[in-house]
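Below is one structure, written out as C-alpha cells, with a few remarks after it.
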Amino acid sequence: MRSTRLWKKLLAVGHIVFEGWEIEAGRDGGEVLVLAVRPDRGRRNRCSRCGRRSPWRDRGEGRRRWRALDAGAVRCYLEADAPGAACPVHGVVVAAVPWARQPWSRFTGSFEDQAAWLCAAMNTTRAAELLRITWRSLQAIITRVVAELAGATDRLAGLRRIGIDEISYRKGQRYLMVVVDHDSGRLVWAAEGRKQDTVRAFFDALGPERAAQLTEASADGAGWIRDVIRERAPQAKICLDSYHVVAWANKALDKVRRRLAAELKATGQAELADTRRAVVKKPGDLTTGQRTTIAALAAINSPLYKAYLIKEQLREIYRAGMERGKVLLAGLLSWCSRCRIPEFVALGKTLRRFRDLIWNTLETGTTNARTEATSTHLRALTKRAYGFHSPEALIALASLTRGGLCPPLPGR
C-alpha cells in the first residue's frame, strides 16, 4: 500500500496530496506529527461558501494547520496553504479545503466527527481531556457539526404527533421550549423562551401546510401552549398529559394530609405521622406496612381516606380506556363536587375545565412521556456540564444526543 493511501485511511481524509512530514515539539512538551499537504487537482481553488471553482487570488495569510485524528499516541496536524479565491458570487474568500468543514476551522472533518460522537457518549470535560483540546473548542465543534447535519436534514418533515414542553435550564427564570416527535421519539425543535411567541416561532418554522397535517399535540396544562396550537393547527387534538393530571391529584392529596395533620397536632394527636408515602404510592407498590397504614386511615380518618380513593379513581381512568374512562371521569367529577373536601372540590373544577383534553388523551392514548423524557435528558446534560453559558450550546448538544444529529465515528 502506498504511503499516501495509508495516511488517507489512518486520518480519514480524502482528495488530498501528501508532500512530506516532520516531527516537532509541541507546546506542552510532547511531540506532534506535521504532514504537509495540498488539495488534489479536482478540489483546488474552490469557494468555501458555494464550492464553485474560482480563480486564485492571492496567498492569503500563508500556511495553516488543522488538527487531525491522532496517529497512535501522537497528535497529528495537516499543514497547507490557505489562499484566497475570487468567487464570482461571494467575492474574495478563503479557498475551501477538502479535509475540513470550513477553512477557518482548526480541525479536520473526521476529527470533529469523532469529537461530536464522544460528546454524545460521555462528559464534555472528559471528552476534551481525551482529545487534548479545550472545552470551548469542543463546544464550537459541536455547533459546527450540528449545524451541518441540521442543514442537510429536514427534521420537521412528516410530523403527525408532537409533544411540547418547557424546561428551566438556568437560574433566573431561563427556559427552553422543546418539541418532540412522538412517533420517532426525537427532539425536532428547541428554542429559548416560555411564551406564545416561542410556540409561534415553531409553527412558523413548520409552515402552514405541514401544520395542517398534525393530528395530535400533547402538552401540560399551560394555556400559552394550547392557545397557539388551536390558532395554528385547529384540526389537531390537544391531549392533556396524564402524568400532570395525576400530579394535580397528588398535590391536592398532600394539601389535605398536611391540613388534617396540623389540625390533629393542635389537639395533641399524631395519627397521620408517616402517612405521606403510603397515600401517594400506587396500590400495587405498597409495602405491607403501608397497606396497614391505608387500612388504618379508613377507620380513623375518613376525609384523608376519601381523598386517597378519589386520587386512585383518577389514576384508574387512564387505565380503563375510552368508553369506561369517560364514565369513571363523570363519576369522579360528581364525587369531587360533593366530597366536602375543599382541595378536591377545587381539583374537580380544574378537571371539568380540561375535560375535553382528557377525553382526547383517553381516545388517542397519547401522553407527554417522550417529551418529559427529553426534558429529563436535558436536565442531565445541564448537570453533567455544570451549566451552560448560552441556550444555543445546550440546544446543540441536545440535538446531538436526542435529535438524531450525531455523526458516526470516522471509518465506521
For the structure I just gave you, tell me whether A262 is surrounded by fewer than 16 Cβ atoms within 10 Å (Cβ to Cβ), within 33 Å of the chain's Cα centre (by Cα) and among the small types (G, A, S).
no
Return the residues of the stretch 151-180 that are over 14 Å from the mean Cα position of the chain (by Cα) and modelled with pLDDT under 90; say none if nothing qualifies.
G151, A152, T153, R170, K171, G172, Q173, R174
Under 9 Å by Cβ, and 6 or more places apart or on different chains, what pairs join a residue from the stretch 35-52 that is assigned by TED's automatic domain parsing to the domain that holds T4 with one that is among the hydroxyl-bearing types (S, T, Y)?
L35/Y77; N45/S54; R46/S54; C47/S54
Before we move on, is Y318 farther than 15 Å from D254 by Cβ, touching a residue at least 40 places away in the same chain (Cβ under 8 Å) and assigned by TED's automatic domain parsing to the domain that holds V246?
yes
Test: residue in the stretch 75-85 that is in contact (Cβ under 8 Å) with a residue 60 or more places away in the chain and under 22 Å from E24 (Cβ atoms)
yes
Pairs please, first residue from the stretch 258-278 and modelled with pLDDT under 80, second anywhere and in a loop (DSSP other than H, G, I, E, B), Cβ atoms under 8 Å, 6+ apart in sequence or on different chains.
L264/A270; L264/E271; L264/L272; E271/N301; L272/N301
Helices (runs of 4 or more DSSP H) contained entirely in the stretch 325-412, each with at least 3 residues that are touching a strand residue (DSSP E or B) at 6+ places or on another chain (Cβ under 7 Å):
355-364, 369-384, 391-402
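Yes or no, residue by residue, for (1) over 23 Å from R370 (Cα atoms); (2) assigned by TED's automatic domain parsing to the domain that holds R155; (3) buried (at least 18 other Cβ atoms within 10 Å of the Cβ); (4) touching a Leu at 6+ places or on another chain (Cβ under 8 Å):
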residue: V188; (1), (2), (3), (4): no, yes, yes, yes
residue: K195; (1), (2), (3), (4): no, yes, no, no
residue: T215; (1), (2), (3), (4): no, yes, no, no
residue: G221; (1), (2), (3), (4): no, yes, no, yes
residue: Q235; (1), (2), (3), (4): no, yes, no, yes
residue: V256; (1), (2), (3), (4): yes, no, yes, yes
residue: T267; (1), (2), (3), (4): yes, no, no, no
residue: T275; (1), (2), (3), (4): yes, no, yes, yes
residue: P283; (1), (2), (3), (4): yes, no, no, no
Would it be correct to say that R75 is out of contact with any Phe, Trp or Tyr (no Cβ under 8 Å at 6 or more places or on another chain), in a strand (DSSP E or B), modelled with pLDDT of 90 or more and crowded, with 19+ Cβ neighbours inside 10 Å?
yes
Where in the stretch 91-200 are there strands (runs of 3 or more DSSP E), lying wholly inside it, with at least 3 residues that are within 30 Å of A212 (Cα to Cα)?
161-170, 174-181, 187-192
Evaluation of L378 against (1) more than 18 Å from Q173 (Cα to Cα); (2) touching a residue at least 40 places away in the same chain (Cβ under 8 Å) (one fails), failing number:
(1)
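The values are calculated or read from the model by the stated rules, or taken from the named source; none is laboratory data. Predicted, not measured: the structure shown is a model, and the values here were computed from it. Every residue, glycine as well, gets a Cβ built from its backbone with ideal geometry; the counts of neighbours run over all protein chains shown.
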